[in-house]
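The values are calculated or read from the model by the stated rules, or taken from the named source; none is laboratory data. Values in this document were obtained by computation on a predicted structure and should not be read as measured data. Positions of Cβ are generated from backbone atoms using ideal geometry, with glycine treated the same way; all protein chains shown enter the neighbour counts. Note: accessible area is taken over every heavy atom of the protein model, side chains too, but ligands, DNA and RNA are not part of it. Shrake-Rupley method; radii C 1.70, N 1.55, O 1.52, S 1.80 Å.
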Amino acid sequence: MASANESKRLDELETAPVGRLLLRYSVPAVCGTVVNAVYNIIDSMVIGHAIDDPNVVTGIAVTFPVMNIVVALGTLVGAGAAARVSILLGRHDLRTAEIVLGNCVQLTLIIGLTYALLFACFMDPLLRLFGASDNSLPYASEFMYWILPGLVLQNITYSYNNVMRASGYPGKAMYTNLIGAAINCVLAPLFLFGFGWGIRGAAIATDIAMTVTA
């Protein structure tokens, strides 16, 4: 049975003016998308200043298409889950909505572990396919190998923020993204400049930020 707060939230989705709901839900969604891009920007800026080699920024840039594929695979399941959950919540069928969400999270984890294994096995050819040269490939490979575990959590983080919004929690979905971005802003410079961990430091910082957000 739904609690009083849950019932009130679901009733609001049914009865509140569309314009107010659109503003309330679209602004956090846009902020979440912007924050997703901030990770790549922060990593590129910090690594570019920490390592005096022009090829390092090129190497990091080459990894972005691979990361976009990862996000797309997660969103494929997460966006579908959000649509199904929205329909079921509209019917006040909370139990089935929970089952759908659980099944989709399991599917996301299975897909994530599968592509992480495949990327680990074929990383260098894949990066060369996206434009890595002999000079930039070592940087791109090092960054991707360290960040692969975090990409599985990234799928959960960004994909199921859609479900959080669909369930009536647009603010919470936005705040979780902001928390992760803030952690990455602090840890990436610390690991590179303070600990001298190089590229792997930026990747580990991103992994930690994604873990906390997830």
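Which residue fluctuates most in the GNM of the chain (Cα springs below 10 Å): A37, A61, A50? For the chain, modelled as a Gaussian network with Cα springs under 10 Å, the answer is A37.
Dividing the summed helix terms, -39500 (n - 2.57) for each DSSP H run of n ≥ 4, by the number of residues in the chain produces a 222 nm estimate of -29000 deg cm²/dmol to the nearest 500.
Our estimate of slack between A214 and K172, defined as 0.36 nm per intervening residue step minus the Cα-Cα distance, is 13.9 nm.
The phi torsions of the stretch 16-32, fed into the Karplus equation with coefficients 6.51, -1.76 and 1.60 and a -60° offset, translate into couplings of 5, x, 4, x, 5, 5, 4, 5, 5, 9, 6, 4, x, 5, 5, 4, x Hz, rounded to whole numbers, with Gly and Pro shown as x. Pairwise Cα separations in the stretch 44-199 fall into 10 Å bins from 0 onward with the following percentages, short to long: 11, 32, 31, 18, 7, 1.
Could you work out what % of the accessible surface of the chain is carbon and sulfur, using a 1.4 angstrom probe and leaving DNA, RNA and ligands out of the count? Write down the numbers at each step before the final one.
Values: 7260 of 10620 Å².
Carbon with sulfur: 68 percent of the solvent-accessible area.
In the elastic network of the chain, a GNM with C-alpha springs shorter than 10 Å, the most mobile of T96, T58, T15 is T15. Applying 0.36 nm per residue to the separation of F130 and D53 and subtracting their alpha-carbon distance, the gain on full extension is 25.7 nm. Residues considered: R91, R200, R128. Largest GNM mean-square fluctuation over the chain, using C-alpha springs under 10 Å, is found at R91.
Give me the accessible area per residue for the chain, probe 1.4 Å, as a whole number in Å².
Details: 10620 Å² over 214 residues.
Ligands and nucleic acids excluded, the result is 50 Å² per residue.
A crude spin-label estimate for the pair V30 and L113, with each label 7 Å from Cα along the Cβ direction, gives 4.0 nm.
In this simple spin-label approximation, F195 and V18 carry label points 7 Å from Cα along the Cα→Cβ vector, and these lie 5.0 nm apart.
Phi-derived couplings, Karplus 6.51 cos²θ - 1.76 cosθ + 1.60 at θ = phi - 60°, listed residue by residue for the stretch 202-214: 5, 5, 5, 4, 5, 4, 5, 4, 5, 5, 4, 5, 5 Hz, with x used for Gly and Pro.
Remark: the chain carries a charge dipole of roughly 680 debye about the Cα centre, counting +1 on each Lys and Arg Cβ and -1 on each Asp and Glu Cβ.
In the assembled protein chains, C121 presents an accessible area of approximately 90 Å² (probe radius 1.4 Å).
Projecting the Cα atoms of V105, P170, A209 onto the dipole axis of the stretch 67-214, where Lys and Arg carry +1 and Asp and Glu carry -1 at the beta carbon, places P170 farthest toward the positive end.
Against the main long axis of the alpha-carbon atoms of the chain, helix 4-15 sits at an angle near 90°.
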